[in-house]
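Participant: Just passing along the structure, written as structure tokens.
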Ligand code: SAM
Ligand code: SF4
């Protein structure tokens, strides 16, 4: 670090001062009819899609609800919520993971909506921990409820967390989340994540011009002293955020250019579970800086995942309108494997998102509907 002057802010880091089928477009049921295709699940138990990508990661949404209303995600008035009877129970999610694990699933992430607004997520963590093939269990959270649940989650076997934090200033956190009084809880949540040893801790920052882009350097400096992995994310368009995704887009190239002016950045491999992110580090820094660039440079060629919505739809891509219903067959006691193989078969080569347009999002109102 040049001159050793630029140190990161100390903790506390915040300065005081489809699934849902009710989305705008109805998701399409995938066709053709289910049928086992042995070419998709290889003999060595690796799920490989039609483009040769190995699929070993499942993002599991446990609710479409949220206690925040981030300006780039959920509309103020909320969305038509999934009826309770359609939500998968913890046991049903476990049953699905138990079918996919022998097919090659190795890592899972619990997400939402805000997963911690659903009661007893730690029970699900415990169920997933008991599936022998599952090597890694992570959670995406806004951290508002993390302090009160961290002990139970750690006891149940949660490995790590991704925390969404779009500003280091309380007033901005609450303006972006459109909820007063949450910044302190988020700070306590992040401290709890540290205290309970979730490792690595990744911090997701959605970049928005005029709302937080002047904090890019401050976020980068955080990694000097904290073993955190700060990841900048470009806003992806959905029907609820077209103004933000059209007018406030900041590319990660711009963020990297500005961060490089602080000090030399060296490319690094990144922490466990580095899906679409690419990582750099300041020399000698405790943490790293990552970028997730769905808009400026797609990473679909490296995609390794599928998504399970809270109402039991298996989606091969975050965007688009393709999904396979697993809840119905599961509740009828049918074999899920052909349905999972069919979903692998229809996984698209890439998403078709365009800045400020929801055409490629498949009618998705918010990422909270599919588990972003
Ligand atoms: N509520 C949890 C949270 O915020 O971390 C989990 C669900 S949230 C949908 C998962 C991630 O998606 C968060 O990091 C959030 O910032 C990000 N996200 C949501 N909408 C987005 C959008 N339109 N573009 C880019 N990232 C988005
Ligand atoms: Fe909620 Fe996460 Fe969406 Fe923010 S990004 S509204 S915390 S689901």
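Participant: Would you call residue 220 assigned to a helix (DSSP H, G or I), within 14 Å of ligand 1 (Cβ to nearest atom) and at pLDDT 95 or above? So that I can check it myself, show each step before the final result.
Facilitator: Numbers: assigned to a helix (DSSP H, G or I): yes; within 14 Å of ligand 1 (Cβ to nearest atom): no; at pLDDT 95 or above: yes.
So residue 220 does not fit the description; no.
Participant: Identify, by number, the condition in (1) under 18 Å from the mean Cα position of the chain (by Cα); (2) within 19 Å of residue 56 (Cβ to Cβ) that residue 294 doesn't meet.
Facilitator: Result: residue 294 fails condition (2) only.
Participant: When residue 144 is evaluated against the numbered criteria (1) within 13 Å of ligand 2 (Cβ to nearest atom); (2) touching a strand residue (DSSP E or B) at 6+ places or on another chain (Cβ under 8 Å), which criterion, by number, is the only one it fails?
Facilitator: Going through (1) within 13 Å of ligand 2 (Cβ to nearest atom); (2) touching a strand residue (DSSP E or B) at 6+ places or on another chain (Cβ under 8 Å) one by one, residue 144 breaks only (2).
Participant: Among the numbered criteria (1) over 21 Å from residue 102 (Cβ atoms); (2) modelled with pLDDT of 95 or more; (3) part of a loop (DSSP other than H, G, I, E, B), which one does residue 258 miss?
Facilitator: (3)
Participant: Of all residues in the range 343-366, how many are surrounded by 22 or more Cβ atoms within 10 Å (Cβ to Cβ) and modelled with pLDDT of 85 or more?
Facilitator: Of the residues in the range 343-366, 3 are surrounded by 22 or more Cβ atoms within 10 Å (Cβ to Cβ) and modelled with pLDDT of 85 or more.
Participant: Can you name the condition, by its number, that residue 310 falls short on among (1) crowded, with 16+ Cβ neighbours inside 10 Å; (2) over 29 Å from residue 227 (Cβ atoms); (3) modelled with pLDDT of 85 or more; (4) away from ligand 2 (no atom under 16 Å from the Cβ)?
Facilitator: For residue 310, the failing item is (4).
Participant: Given 121, 108, 97, 125, which one is buried (at least 17 other Cβ atoms within 10 Å of the Cβ) and either within 16 Å of ligand 2 (Cβ to nearest atom) or at positive phi (or both)?
Facilitator: Numbers: 108 fails: either within 16 Å of ligand 2 (Cβ to nearest atom) or at positive phi (or both); 97 fails: either within 16 Å of ligand 2 (Cβ to nearest atom) or at positive phi (or both); 125 fails: either within 16 Å of ligand 2 (Cβ to nearest atom) or at positive phi (or both).
Exactly one of 121, 108, 97, 125 is buried (at least 17 other Cβ atoms within 10 Å of the Cβ) and either within 16 Å of ligand 2 (Cβ to nearest atom) or at positive phi (or both), namely 121.
Participant: Kindly check whether there is at least one residue in the range 239-247 that is surrounded by 20 or more Cβ atoms within 10 Å (Cβ to Cβ), at pLDDT below 95 and assigned to a loop (DSSP other than H, G, I, E, B). Can you show your working first?
Facilitator: Of the residues in the range 239-247, the ones surrounded by 20 or more Cβ atoms within 10 Å (Cβ to Cβ) are 240-241, 244-245.
From the residues that got through so far, the ones that are at pLDDT below 95 too are 240-241, 244-245.
Next, from what is left, pick out any that are assigned to a loop (DSSP other than H, G, I, E, B): 240-241.
Yes, the range 239-247 has at least one match.
Participant: Residue under question is residue 325, and the condition is that it be under 24 Å from residue 47 (Cβ atoms), modelled with pLDDT of 75 or more, touching a strand residue (DSSP E or B) at 6+ places or on another chain (Cβ under 7 Å) and surrounded by fewer than 22 Cβ atoms within 10 Å (Cβ to Cβ); does it hold? Walk me through it before giving the result.
Facilitator: Details: under 24 Å from residue 47 (Cβ atoms): yes; modelled with pLDDT of 75 or more: yes; touching a strand residue (DSSP E or B) at 6+ places or on another chain (Cβ under 7 Å): yes; surrounded by fewer than 22 Cβ atoms within 10 Å (Cβ to Cβ): yes.
Yes: the conditions hold for residue 325.
Participant: Shifting gears a bit: Among the residues that make up the range 173-187, is at least one of them more than 16 Å from ligand 2 (Cβ to nearest atom) and touching a helix residue (DSSP H, G or I) at 6+ places or on another chain (Cβ under 6 Å)?
Facilitator: Among the residues of the range 173-187, not one is more than 16 Å from ligand 2 (Cβ to nearest atom) and touching a helix residue (DSSP H, G or I) at 6+ places or on another chain (Cβ under 6 Å), which makes the answer no.
Participant: Suppose we keep only residues that are surrounded by fewer than 20 Cβ atoms within 10 Å (Cβ to Cβ) and at negative phi within the range 201-216. Which one would you say is nearest to ligand 2 (Cβ to nearest atom)?
Facilitator: First, the residues of the range 201-216 that are surrounded by fewer than 20 Cβ atoms within 10 Å (Cβ to Cβ): 209-211, 213-215.
Keeping just the survivors that are at negative phi gives 209, 211, 213-215.
Details: 209: 18, 211: 13, 213: 18, 214: 21, 215: 17 Å.
Among those that are surrounded by fewer than 20 Cβ atoms within 10 Å (Cβ to Cβ) and at negative phi, it is 211.
Participant: Of all the residues that make up the range 56-67, how many are more than 18 Å from residue 239 (Cα to Cα) and either within 13 Å of ligand 2 (Cβ to nearest atom) or within 13 Å of the chain's Cα centre (by Cα) (or both)? Before you say what the answer is, go through the steps one by one.
Facilitator: From the range 56-67, those more than 18 Å from residue 239 (Cα to Cα) are 56-63, 67; that's our starting set.
So of that shortlist, the ones also either within 13 Å of ligand 2 (Cβ to nearest atom) or within 13 Å of the chain's Cα centre (by Cα) (or both) come out as 57-63, 67.
Residues meeting the conditions: 8.
Participant: Based on this model, can you work out whether residue 247 counts as out of contact with any helix residue (DSSP H, G or I) (no Cβ under 7 Å at 6 or more places or on another chain), farther than 22 Å from residue 162 by Cβ and within 16 Å of ligand 1 (Cβ to nearest atom)? First the steps, then the outcome.
Facilitator: Values: out of contact with any helix residue (DSSP H, G or I) (no Cβ under 7 Å at 6 or more places or on another chain): yes; farther than 22 Å from residue 162 by Cβ: yes; within 16 Å of ligand 1 (Cβ to nearest atom): yes.
Against the criterion (out of contact with any helix residue (DSSP H, G or I) (no Cβ under 7 Å at 6 or more places or on another chain), farther than 22 Å from residue 162 by Cβ and within 16 Å of ligand 1 (Cβ to nearest atom)), residue 247 qualifies.
The values are calculated or read from the model by the stated rules, or taken from the named source; none is laboratory data. Quantities reported herein were computed from a predicted structural model and do not represent experimental measurements. So basically every Cβ, Gly included, is an ideal-geometry build from the backbone, and we count neighbours across all protein chains shown.
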